[in-house]
Amino acid sequence: QIEAKTSPQSARPSPVRIRKLGHVVIQVSDLERSMQFYTEVLNFRVSDRSPEGGVFLTSVGEHHTVGLFPSKGKDAPTTVKDAVRLHHFAMEVESLDALFEARAYLQERGVPIVFEGRHRMGGHTSIEFLDPDGFQLELYWDMDRTRPDGRSRPIGSGVKGLEASRDNPKPPTW
C-alpha cells in the first residue's frame, strides 16, 4: 500500500479538474484475441502500433482510447509488470498550466509520480502517478487527433519532464 504524505500546504482544495476520461491501457494475455474483440465486437479501429508490441485503438478520433499490450502471461508472471492487468487509465485536463498545477499539488501530497513529459505515441503531455493501491493514473493534455483519413502522426520523440515538453513543443502540423 502506498501512503501519500500530508503537509500544511496540502490542506488546500485540489486544483485538478478532469474534463473527461481519456484512455485505458490493458496488458492482455493474447494480443491478437483482444485486438479482434475490440475491433470486431466493439468497433474500435487500429490507430497505431508501438515498437514495443502494443496496439493503439480509437473510436472517437483521438489517437487512442484503448491501448493493448502483451503480458508475459497470467500463469507464470515473473513480476507484476509482466502480468495480465490494467496498466493505467488517463484523464484529460484543460491545459499545460493545469498539469503544472496538478504536479505541484501531487508533490505537496507526497503522491508518487512515475512519469512526466510528452509521449511518443499520441503526442500528449502528461503526469503519471500512483494511487494508494499502486494503480497507475495519468493526467494528460493535448492528445493528437487522428486525421479524417484515419492516419496518426508519425511516432515522435518523447520528452521527459513538463518543462521539456513546454520548452520543446511538438510540431503543430504533420
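The values are calculated or read from the model by the stated rules, or taken from the named source; none is laboratory data. Keep in mind that this is a model prediction, so the values were computed, not measured. Using ideal geometry, Cβ is built from the backbone for each residue, glycine included, and neighbour counts are taken over all protein chains shown. Surface accessibility is based on the protein's heavy atoms, side chains included, excluding ligands, DNA and RNA. Shrake-Rupley method; radii C 1.70, N 1.55, O 1.52, S 1.80 Å.
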Checklist entry - Any chance the stretch 70-93 includes a residue that's of a type outside the set (Gly, Ala, Ser), open to solvent by 40 Å² or more (accessible area, probe 1.4 Å) and at pLDDT 90 or above? => result no
Next on the checklist: So residue 109 passes all but one of these: (1) within 10 Å of the chain's Cα centre (by Cα); (2) open to solvent by 30 Å² or more (accessible area, probe 1.4 Å). Which condition number does it fail?
Outcome noted: (1)
Next on the checklist: If I ask for residues that are assigned to a loop (DSSP other than H, G, I, E, B) and surrounded by 19 or more Cβ atoms within 10 Å (Cβ to Cβ), which ones from the stretch 116-141 would you list?
Outcome noted: 119, 121, 122, 123, 124
Checklist entry - Mind checking which residues of the stretch 101-115 are touching a strand residue (DSSP E or B) at 6+ places or on another chain (Cβ under 6 Å) and not in a loop (DSSP other than H, G, I, E, B)? => result 102, 103, 106, 113, 114, 115
Checklist entry - Tell me, which residue of the stretch 32-55 that is among the small types (Gly, Ala, Ser) and surrounded by 13 or more Cβ atoms within 10 Å (Cβ to Cβ) is nearest to residue 144 (Cα to Cα)? => result 47
Checklist outcome for this item: Here the qualifying pairs (Cβ atoms under 9 Å; residues six or more apart or on different chains; first in the stretch 117-140 and at positive phi; second open to solvent by 10 Å² or more (accessible area, probe 1.4 Å) and of a type in the set (Lys, Arg)) come out as 117/160; 122/153; 123/153; 123/170
